[in-house]
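The values are calculated or read from the model by the stated rules, or taken from the named source; none is laboratory data. Remember, predicted model here, so these are calculated numbers, not experimental data. Note that each Cβ is placed from the backbone with ideal geometry, even for glycine, and that neighbours are counted across all protein chains shown. SASA here: full protein model, heavy atoms, side chains in, ligands and nucleic acids out. Shrake-Rupley method; radii C 1.70, N 1.55, O 1.52, S 1.80 Å.
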Amino acid sequence: MATPSNLETMLELSHFLGDEQRHLAILGEGNTSTKVDDEIFLVKASGSCLQTLLPEDTVACRFDALLPTLKEQRLSDEEIEQRLLASRVDPTAKKPSIETLFHAYLLSLPEIAFVGHTHSVAINQILCSPMAETFAKRRLFPDEVVCCGARSVLVPYVDPGLRLSLEIREKTEAFLKETGSLPRIILLQNHGVIAIGKTAGAVKAAMLMAHKAATIFVGAASLGGPTFMSEHDVLRIAGRTDEHYRQKALQL
């Protein structure tokens, strides 16, 4: 089961992301998760609120009960729900979020221990527009590169649940194959944003910086269009030794 530190850190991350003043999530929006060990992870229960998440609003699930589901293309909503419920370590626990499948996949990636998913107002302004791909591929300022990486994964809109999890896996693995590294930010068109990292601090930093970048992007678009950093300058920031030092200091 979860250690106190696992649970406490996930709750703190959830409350941070769910604070309504940050405009990342309201009501039951968004979810969080953390890896406990190679067999078990914790995820937010369906319908619970990030801002007020309690220990009983988290669910311990087994990786081996969910990851094989990603090898199947055709499952009914009822079958998926049955598998989510069957994955619980405690059969009396609440129902895991419908998005638990992509949390299971992302937490199975090397060195990923925390996942945060929100519906940032600033980011969704772009993801609900024709500019989503541009926002994913281009960078506006150095700290965006430091915290969010040289570019982000963009996943087209699909039905939440199994189909979304399959798309996230496909696009993330393509990104890894092309770049040799995992993304820090995964953008879901017409939906929201996912931040992944080895620490809760890395998830916070990536999420907040992506939210800031989106705010600047929208503002720049209203003033004649964003002026992006060149690919050369982006790669320069991504490869600088002093920026790598900052990333370690920020636990990115």
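For GLY197, enumerate residues with amide H under 5 Å from its amide H, sequence gap 5+ or separate chain, H modeled in the peptide plane.
ALA113, PHE114
Going 7 Å from the Cα of ASN190 along its beta-carbon direction, which residues of region 109-130 have the amide nitrogen within less than 20 Å of the resulting point?
Correct set: 118-130.
Ordered by residue, what ³J(HN,Hα) values in Hz, to whole numbers, does region 170-181 give under the Karplus form 6.51 cos²θ - 1.76 cosθ + 1.60, where θ = phi - 60° and Gly and Pro are x?
Computed from phi, the couplings for region 170-181 are 4, 6, 5, 5, 5, 4, 4, 5, 6, 9, x, 9 Hz.
State the antiparallel share, in %, of DSSP beta bridges confined to region 82-228, rounding to the nearest 5.
75
I need the shape label for region 114-218. Rule: rounded when a/c is under 1.5, else prolate if a/b > b/c, else oblate, with a, b, c from the alpha carbon gyration tensor.
In terms of gyration-tensor shape, rounded.
Which shape class, rounded, prolate or oblate, goes with region 32-129 when its Cα gyration tensor gives a ≥ b ≥ c as root eigenvalues, a/c under 1.5 marks rounded, and past that a/b bigger than b/c marks prolate?
Taking the square roots of the gyration eigenvalues as a ≥ b ≥ c, region 32-129 is rounded.
Accessible surface of GLU8 in the full protein assembly, 1.4 angstrom probe, to the nearest 10 Å²?
Number for this one is 120 Å².
Once phi is turned into ³J(HN,Hα) by the Karplus curve 6.51 cos²θ - 1.76 cosθ + 1.60 with θ = phi - 60°, what whole-Hz value does each residue of region 117-128 show in order, with x for glycine and proline?
So the Karplus estimates, Gly and Pro as x, are 10, 9, 10, 2, 4, 4, 5, 5, 4, 7, 5, 9 Hz.
Using the Karplus curve 6.51 cos²θ - 1.76 cosθ + 1.60 with θ = phi - 60°, what ³J(HN,Hα) values do you get for each residue of region 150-158, in whole Hz, with x for Gly and Pro?
5, 7, 10, 7, 10, 10, x, 5, 9
Sketch the reach of a paramagnetic label on LEU176 as a point 7 Å from Cα along Cα-to-Cβ, and name the residues of region 41-85 whose backbone nitrogen lies under 20 Å away.
Counting backbone N atoms under 20 Å from the label point, the list is 41-42, 62-73.
List the lysines whose Cα lies under 26 Å from the Cα of LYS44, skipping any in the same chain that are fewer than 8 positions away.
The reachable lysines, counting only those whose Cα sits under 26 Å from LYS44, are LYS35, LYS71, LYS94, LYS95, LYS171, LYS198, LYS204, LYS212.
Could you work out the relative contact order of the chain? I mean the mean sequence separation of Cα pairs under 8 Å and 6+ apart, divided by the number of residues, in percent.
19
Taking all protein chains as present, what is the carbon and sulfur share of the accessible area of region 80-205, in % to the nearest whole number, probe 1.4 Å?
Answer for region 80-205: carbon and sulfur cover 52 percent of the accessible area.
Before I look further, what does the chain give for accessible area per residue, probe 1.4 Å, in whole square angstrom?
Value returned for the chain: 47 Å² of accessible area per residue.
Sequence-distant or interchain residues sharing an amide H contact under 5 Å with ILE40, placed H: which?
For ILE40, the qualifying residues are PHE63.
Roughly speaking, what is the centre-to-centre gap between region 150-181 and region 78-126 when only Cα atoms are used, to the nearest Å?
The distance from the Cα centre of region 150-181 to that of region 78-126 comes to 15 Å.
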